[in-house]
1. Name the single residue, out of those in the stretch 27-85 being in contact with a Leu (Cβ under 7 Å, 6 or more places away or on another chain) and of a type in the set (D, E), that is surrounded by the most Cβ atoms within 10 Å (Cβ to Cβ).
2. Considering only residues that are more than 16 Å from I32 (Cβ to Cβ) and among the small types (G, A, S), which ones fall in the stretch 46-85?
3. Quick one: how many residues across the stretch 1-46 are more than 25 Å from the chain's Cα centre (by Cα), assigned to a helix (DSSP H, G or I) and modelled with pLDDT of 90 or more?
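The values are calculated or read from the model by the stated rules, or taken from the named source; none is laboratory data. Everything quoted here is computed from the prediction, not taken from an experiment. Every residue, glycine among them, receives a Cβ derived from its backbone with ideal geometry; neighbour counts consider all protein chains shown.
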Amino acid sequence: MEDFEERDDQQLTNEDDLEMLREDLVGELQAINQYQEHIESLASEQAATTLEHIIADEKEHVAELVKLIEALDPIQAEKFRKENP
């Protein structure tokens with residue numbers, strides 16, 4: 001493992017980007033869970049249908065973020081390949 005001082009600016013920038021993207025991914029997943037909880041409590045079918053549509057959009061965002069993280073992190077990409085042969 002490299003020391004912090006030995007990493008070049010590009011590596012640090014990439015790591016910063018990955019950290020932000022992973023935080024974004026967590027946010028998307030939390031939003032999906034929250035919307036699902038709300039759907040289960042809503043009396044309005046129209047509201048529930050709207051939130052179901054939003055959940056579908058959020059799941060698309062999750063997929064896009066996972067692909068981006070995979071593209072930027074070769075180690076993570078390898079883990080994805082091992083999980084999904």
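1. Among residues in the stretch 27-85 that are in contact with a Leu (Cβ under 7 Å, 6 or more places away or on another chain) and of a type in the set (D, E), the one surrounded by the most Cβ atoms within 10 Å (Cβ to Cβ) is E28.
2. Correct list: A47, A71, A77.
3. Matching residues across the stretch 1-46 total 3.
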